[in-house]
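S.K.: One structure coming up, written as structure tokens, with questions to follow.
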Amino acid sequence: MSSPQFAELLNNPQLLRAITELGYTSPTQVQEKAIPLAIEGKDLLVQSKTGSGKTAAFLLPSISRMLTEVSNNPLSTRILILTPTRELARQIVKNAQELLRYTTIKVGMICGGEELKYQKALLRKNPEIIVATPGRLAEHIAHKSTDFSGLEILILDEADRMMDMGLHEDLVKVVAQCPAEKQTLLFSATLEQKNLRQLIQDVMGDKKAERIVVDDAPNPIDHKMVLSDGNPHKDKLLVACLEKTPHQKAIIFANTRARVDELNQLLRRHGYAVSLLHGDITQDERKKALDRFRDKKTTVLVATDVAARGLDIDAVELVVNVDMAYSGDEYLHRIGRTGRAGQSGLAISFVTAKDWNLTKGIERYLSIQMEMLQIAGLTAAYKGPEKLKASGKAVGIKKKIIDKPKTPEKKVKDRLRDKKNVGKRRQASTLVSENKNADGFAPPKKKLVQKLDQLDDAE
């Protein structure tokens, strides 16, 4: 059965004209399932993998509703889209503007990295659509510079990632400012994450939402692993991988900003045109880095996990994990930058001894198998664990518990100082105790009593 065309799902001529010019042919599976229900105004919980067309799956029906329905409050935001990172927010804004090219609807972006006063000025212009990161939007709510009283649609994109980043509290603050009768669309790579269930409860409340789970075929990605002995060895492996693997664009992932800076300098010394992306650079620098990479002015992007989600960049044939991802979900989103839209891709991961068990855990979690790859002249001294469990993880060496012999009780020496009256309270003399005053005052001292007795005898 062939997929329905967009004209069968949408009836707005302005939107259909933009879709045609953008080269959209037929809906993806998630778009085909989500668009009709979203146009009907139903709340949705959607699970679909990266690169499956989720952005269009929530933008198209939301814009269609906005174009066909009259706003109850022209001074309020009509659609609010929350996303975990600035990069993903920028990508959504770009896609929305392309779809809105034949309309007068305006889109605004509220993210960290820009001064609040400029964003407040943007909010005063009342853009119908706002794309925001929760943390910065919560700041504007505290400053009372937002108006969501007439909000019609709330969209949470990459909800699982927002929870991983600890944005639950900010999300709750934002949701509290939205009217209860709004439509809510929540998109995530997984809906089974434990802390995500609490967010769904906080966002949806008692409302019943339609659940859409799209089991797309996995991206055609070839997974390979290269054993490594540490960072100096990884540097040589990285240069060799880029030299021997044909590619137009490659993304290199490292776990820390400092390591990204090191790799940037390394590749520049070897003559590569490199863009750099991590949390320490400014918003303008991020935009320039991504634009240069998209336009093929640079062929390599070196990044932390800030680039792992939401970047829709064509023709990325190679992803190299110089540092192994911390979890299966992070690995999935990293390698999801390649093999998009049915194109094949290659993901190479450098694995040290301490990464072995983590790598095998990721393989089991994602049901993939990384093929061992050796690069001539750069074989690692580490050959993998000597013994393996059934899971593929290394067999740990258990420390034997040795019963220690009981130590004999120490004999306490009979010291002379223990017999002395050192530090012990002295007993009051009989003379003083006999002369205690009943009125509560201290008795006269011994010498004074003796003098008084001598005076009495003299008299």
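S.K.: Would you be able to say whether some residue in region 248-268 is within 23 Å of residue 334 (Cα to Cα), under 25 Å from the mean Cα position of the chain (by Cα) and of a type in the set (Asp, Glu)?
M.R.: Yes, some residue in region 248-268 is within 23 Å of residue 334 (Cα to Cα), under 25 Å from the mean Cα position of the chain (by Cα) and of a type in the set (Asp, Glu).
S.K.: Then there's this: Among what's in region 22-42 and is surrounded by fewer than 20 Cβ atoms within 10 Å (Cβ to Cβ) and in a loop (DSSP other than H, G, I, E, B), pick the residue that is modelled with the lowest pLDDT.
M.R.: 25
S.K.: If you check residue 61 against the conditions, is it crowded, with 19+ Cβ neighbours inside 10 Å and either assigned to a loop (DSSP other than H, G, I, E, B) or in contact with an Asp or Glu (Cβ under 6 Å, 6 or more places away or on another chain) (or both)?
M.R.: no
S.K.: Give the residue, chosen from 212, 221, that is within 28 Å of residue 347 (Cβ to Cβ), among the β-branched types (Val, Ile, Thr) and modelled with pLDDT of 90 or more. Can you show your working first?
M.R.: Numbers: 221 fails: modelled with pLDDT of 90 or more.
212 is the lone residue from the list that is within 28 Å of residue 347 (Cβ to Cβ), among the β-branched types (Val, Ile, Thr) and modelled with pLDDT of 90 or more.
S.K.: Scan region 279-315 for residues that are part of a loop (DSSP other than H, G, I, E, B), in contact with a helix residue (DSSP H, G or I) (Cβ under 8 Å, 6 or more places away or on another chain) and modelled with pLDDT under 85 and report the count.
M.R.: So the answer is 10.
S.K.: Still on this structure, I have one more. Identify the single condition in (1) of a type outside the set (A, V, I, L, M); (2) buried (at least 18 other Cβ atoms within 10 Å of the Cβ); (3) at pLDDT 90 or above that residue 49 does not satisfy, given that it satisfies every other one.
M.R.: The single condition residue 49 does not satisfy is (3).
S.K.: Something else about it: Working only within region 97-124, note down all residues that are in a helix (DSSP H, G or I) and either touching a residue at least 40 places away in the same chain (Cβ under 8 Å) or of a type in the set (Gly, Ala, Ser) (or both).
M.R.: Of everything in region 97-124, those that are in a helix (DSSP H, G or I) and either touching a residue at least 40 places away in the same chain (Cβ under 8 Å) or of a type in the set (Gly, Ala, Ser) (or both) turn out to be 98, 99, 121.
S.K.: Quick check on my filter: what residues within region 351-373 are at pLDDT 90 or above, part of a loop (DSSP other than H, G, I, E, B) and out of contact with any helix residue (DSSP H, G or I) (no Cβ under 7 Å at 6 or more places or on another chain)?
M.R.: Within region 351-373, 352, 373 meet the criteria.
S.K.: Checking the structure you have, find out if any residue of region 228-246 is closer than 25 Å to residue 380 by Cα, touching a residue at least 24 places away in the same chain (Cβ under 8 Å) and in contact with an Asp or Glu (Cβ under 7 Å, 6 or more places away or on another chain).
M.R.: no
S.K.: Specify which of the listed residues (186, 191, 199) is touching a Lys or Arg at 6+ places or on another chain (Cβ under 9 Å) and touching a residue at least 40 places away in the same chain (Cβ under 8 Å).
M.R.: From the options 186, 191, 199, the qualifying one is 191.
S.K.: Hey, another quick one. Among 42, 94, which is the only one that is touching a residue at least 24 places away in the same chain (Cβ under 8 Å), assigned by TED's automatic domain parsing to the domain that holds residue 167 and within 31 Å of the chain's Cα centre (by Cα)?
M.R.: On the way: 94 fails: touching a residue at least 24 places away in the same chain (Cβ under 8 Å).
Being touching a residue at least 24 places away in the same chain (Cβ under 8 Å), assigned by TED's automatic domain parsing to the domain that holds residue 167 and within 31 Å of the chain's Cα centre (by Cα) holds for just one of 42, 94, which is 42.
S.K.: Return the pairs, sorted by first residue and then second, in which the second residue is part of a helix (DSSP H, G or I) and not aromatic (Phe, Trp, Tyr), the first residue lies in region 280-297 and is in the same structural domain as residue 258 (by TED's automatic domain parsing), the beta carbons are less than 8 Å apart, and the residues are 6+ apart or on different chains.
M.R.: Filtered contacts from region 280-297: 280/257; 281/289; 283/86; 286/86; 286/87; 287/90; 290/87; 290/90.
The values are calculated or read from the model by the stated rules, or taken from the named source; none is laboratory data. Please read these numbers as outputs of a predicted model, since none were measured by experiment. A quick note on method: Cβ atoms are made from the backbone with ideal geometry, for glycine too, and the neighbour counts reach across all protein chains shown.
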